[in-house]
Structures are given as C-alpha cells and as structure tokens.
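Here's the structure, in structure tokens; my notes come after.
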Amino acid sequence: MSAKSMDELVSLCKRRGFIFQSSEIYGGLQGMYDFGPLGVELKNNLKSAWWKSMVYERDDVEGLDASILTNQLVLNYSGHEDTFTDPLVDCKSCKSRWRADQIGDTCPNCGSKDLTDPRPFNLMFKTNVGPLEDEGSIAYLRPETAQQIFTNFKNIVDSTSRALPFGIAQIGKAFRNEITPRNFIFRVREFEQMELEFFVEPGEDNLWHDKWIEERSKWWESQGVSKKKIRFLEVPKDELSHYSKRTVDLMYEFPHGEEELEGIANRTDFDLGSHSKNQDQLNIQSKIRKNSDSNSRLAIQNKDTNEWIVPFVIEPSAGVERGVLAILNEAYKVEKLEDGKERIVLALKPHLSPIKAAVIPLKKNNDDLVSLAKNIKDELQSLGRGRVLLENTGNIGKSYRKHDEVGTPMCITIDFDSLENNTVTIRDRDSMDQKTIQIQELTSYFSNFFK
Ligand code: GAP
C-alpha cells in the first residue's frame, strides 16, 4: 500500500517537518524545497545507504566530492552548452511559458492555442566567478555531477592505480533551470544526484550495462521500493541524450503518475574522449569535437599490452529527491484501528528512519524518570545508529501517534517499573506490540535491531 495522493504526502511532510517550500515567508522560490529536521535525516540516510552499497561494499569503486561551480570549458566540451536544452513555447495570450513536449497545442493556463513556435532553452544556470562580469569569467552551476568525475579521471587513476573495470561515485547538488518545475520534489531546479561512472573495456560495455540495471533495481527494492511499481523503460533511440548509446530508465509509479526514478546509460567513450587531449591517437569511437584546450590524456594503459584505451562508461544516475518521494510514497499507510479510529504510519525501513528510537518518560515532571530516560537516550545515541530522541511531552499516546507518522521503528517508555525493577517497555511501530525488557539488555536489543 502507498499514499493515495501527492497531497497526503505534502501535508505530512510539512506537518511533521520533512520538507518545506523554500523562502516560504517571502512567497517561495519556484522549484526549490528545504529539508527540515526529519527530511534531512531521511535524505542523509538514503545517501549513506547508496554510498555504502556503491563504495564500501564493493572493491571496484572510489568516491569523489567535486566542486559545483564548473569551468565553462567543461560544459562546452561535454556538449551541454549546445544541447542541454528543452523546447520552450510562450502563450501569446497569457504570457505563460511551457515545455512544448508537455502541453500539446493548447496553453494549460488559459486554453489559448496562440502559442509561439518551440525554441531551445538552455537549462544551465550561468554565473560569473570573480569580480569581473565578462565573457572570460563565465562558469556554470553543474547540471549533473558526472562531468567532474570525467575531468578528474586521470587524478583518480594516478592516485589509486586503478585498472579497468572500476568506478567513481559521487553524491551532490545539481541545478537545472527547469521550465516547469512541478509535482512537489519530483521536478525541481536544485536537487541532488547519486551518480556512478563505471569505466569498462570497450566491448564489455553491454554486459556491464545489463549488470548495473539489475543491481540498481535490486537496490531500490532494498530501500523499500516495491518491485511491482518499477518498470524498465528502454529509452527510444530518438530520445537518447547526445552522449548515450543506450539508456534504460527505472520508471516508478509516483503519486502523480509513472515517471523516471533513475536512468542507467551507456555513455560510451563520449565523455572521456571529448575531454581528452591527443584525441587522434586514441581510437575514440564516438563522434566528438576536437579538443584544443584539455591538458590531459583521459585514457588508461593496458598493463599487459601497453595500449592506451579510452574506457566506455556505464552510468547509473539517481535523483535523491525522487528517491525520497518514492520511499515516502511506499512507506505511507493509513490503518484502521480496533477502536474504529485510524492511524497514519510511515513504515520506513529502519535504516532510513529519521529517528531510530524515541525514549519517553511516563511523566514529564518527574526528575527520576526524566533523568533515567536521558541516560538511556545518551547510551543509545552513543551506539552510532542515527538519531535517538528524548520525547518529554508526558503524553504517551500522542507520542506514539507522532512517532508512527514519522516512521520511528521503536518507542521506549520509562515508567515507575523502570525505577523499581530496571525494566523498560518497547513498543514496535508496525505491530504496535509492546514488550518489557531489562534495561541492561537494551543496548544489544537496539544494536541488533539496526544491524
Ligand atoms: N548524468 C546523467 C543525468 O543527469 P538525467 O536523466 O538527466 O541524467 C538523472 O538525470 C536523474 O537525476 C534522474 O533520473 C532524476 O532522478 C534526477 N533528476 C533529473 N532532473 C531532475 C529534476 N529537475 N528534479 C529532480 N530530480 C531530477
């Protein structure tokens, strides 16, 4: 089961402090959102899960955190200055602007058919670096994290002695001046990507592409995204990005409809080839522009034959915001209770839960209960499994409801038995079952739960 509508998710996110409209007190800034106290935890947990599976649990991937502001030449040779565009139309009646491929021949705002011809609109945010605003100081906010992975290729090969196949992973902000940002955090202008560029021998690319498609869909399942809601879309040839030989999109049934959650592309040798010097000597297979500015040969030497190879690249590229939206949608449930009332529960996988446990003293004004609760909170917090909260409201029922809604897997209640018999009550979010355990067993119980 998942949320019935986007409105339910938007309302929960605002009410409980997951996601707010950015610059809200001044009317907002379209296509921007801020992640609140619980949203930042959920987002960090998702990014950590990705990093763990991509970097720590593999032996063939290195990490990178490159700058967001990007030299104009990078995005010139990458093809973004020329081709990173969407078709823009203006409505001549109401002056609104639309993406031509999303609206047909009628303005969605006023119904007029008096539209301009589509023209390409470049989605990159341009700025100037340094005190002079001239042609020589132009830089861009990166539209994808991938490019700086390619420009750092030689640095990473030289510093890690990697041989093919291997990958470079990066998580970070990307910016696109989307013509029509919409559907909450689904299409925004500032977002985060989790990207892996996996470098392979030409000829082995098809095999690796299939492997990564399978790996990535399994990973989303392990984050709680139902297999039934994911479909593989073979992107038609005429819709492929300028660098791609083949792309398979993982399409997910979001509350507003089925759309892309992650793209897995075969970028061939286009990017390394485009950014490399001495291109003529490198047997590059893609159609690329001559590069007269790069000072680096972005190729790798086969240790047996000494031959220089420009690797092909397989790229799984996922959006963090779309991941958060899919995960919230999957986890959101409205359950009927025995007393006829309802509860909202966010059945998140425990590793993604923003709060791992809430420690609740039965009475908020009882120093002995509160002090014991604080000690238990500190002890559990020190185990490093994520945020543990001291919930000192004095209202157990209300605290349970709140923690159901924000996905806290367990509530630990400290009552007078805790003072007399050294026991606590643990309440499970999903079953609502309660059990009593000894305080001395709590750390191992908690650690095992989040293993
Ligand atoms: N490096 C390849 C690349 O950027 P993409 O399909 O344009 O490919 C990859 O983007 C992923 O980034 C998408 O699958 C999506 O999850 C996310 N994404 C792209 N544009 C976005 C936007 N405007 N808002 C939120 N997420 C976006």
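The residue among N329, N302, S286 whose Cα reaches farthest toward the positive pole of the charge dipole of the range 283-354, with charges on the beta-carbon of Lys, Arg, Asp and Glu, is S286.
Averaged per residue, the range 262-308 has 55 square angstrom of accessible surface, using a 1.4 angstrom probe with ligands and nucleic acids left out. Considering only G340, L75, W208, and ranking their Cα positions along the charge dipole of the chain that arises from unit charges at the beta-carbon of Lys, Arg, Asp and Glu, the one farthest toward the positive end is G340.
Cysteines in the chain lacking any other cysteine Cβ under 4.7 Å from their own Cβ: C13, C411.
The Kirkwood radius of the chain, taken over pairs of alpha-carbon atoms, gives through the Stokes-Einstein law at 20 °C and 1.002 mPa s a diffusion coefficient of 87 µm² s⁻¹. When each of the peptides 177-184, 408-415 is scored by how many other beta carbons lie within 10 Å of its residues on average, the order from highest to lowest is 408-415, 177-184. Surface exposure of the range 108-149, expressed per residue as accessible area with a 1.4 Å probe, stands at 57 Å².
To the nearest 10 degrees, how steep is helix 320-331 against the longest Cα principal axis of the chain, on a 0 to 90 scale? So the inclination is approximately 40 degrees.
As a length-normalised measure over Cα pairs under 8 Å and 6 or more apart, the relative contact order of the chain settles at 13 percent. Farthest toward the positive end of the dipole of the range 53-182, out of Q102, F121, A66, is the Cα of Q102, where the dipole comes from beta carbon charges about the Cα centre.
Using the 1.4 Å probe convention, the accessible area of the range 361-451 works out to 51 Å² per residue with neighbouring protein chains retained.
Placing +1 on each Lys and Arg Cβ and -1 on each Asp and Glu Cβ, with no other charges, gives the range 136-224 a dipole about its Cα centre of roughly 460 debye. When only the Cβ of Lys, Arg, Asp and Glu is charged (+1, +1, -1, -1), the dipole of the range 177-234 relative to its Cα centre reaches about 640 debye. Apolar share of the accessible surface for the range 234-366: 42 percent from carbon plus sulfur atoms, 1.4 Å probe.
Simple point charges give the picture: +1 on the Cβ of Lys and Arg, -1 on the Cβ of Asp and Glu, and for the chain a dipole about the Cα centre of about 840 debye.
An ellipsoid equivalent to the range 1-82, defined through the eigenvalues of its Cα gyration tensor, has semi-axes of 31, 23, 13 Å when rounded to whole angstrom and sorted largest first.
Centre-to-centre, using Cα atoms only, the range 234-280 and the range 329-397 are separated by 42 Å. Helix 205-222 and the longest principal axis of the C-alpha atoms of the chain enclose an angle of approximately 20°.
The values are calculated or read from the model by the stated rules, or taken from the named source; none is laboratory data. These numbers come from a predicted model, not from an experiment. Methodologically, a virtual Cβ is constructed for each residue, glycine included, from the backbone with ideal geometry; neighbour enumeration extends over all protein chains shown. For the accessible areas, the whole protein counts, side chains as well, though only heavy atoms, and no ligand, DNA or RNA atoms are used. Shrake-Rupley method; radii C 1.70, N 1.55, O 1.52, S 1.80 Å.
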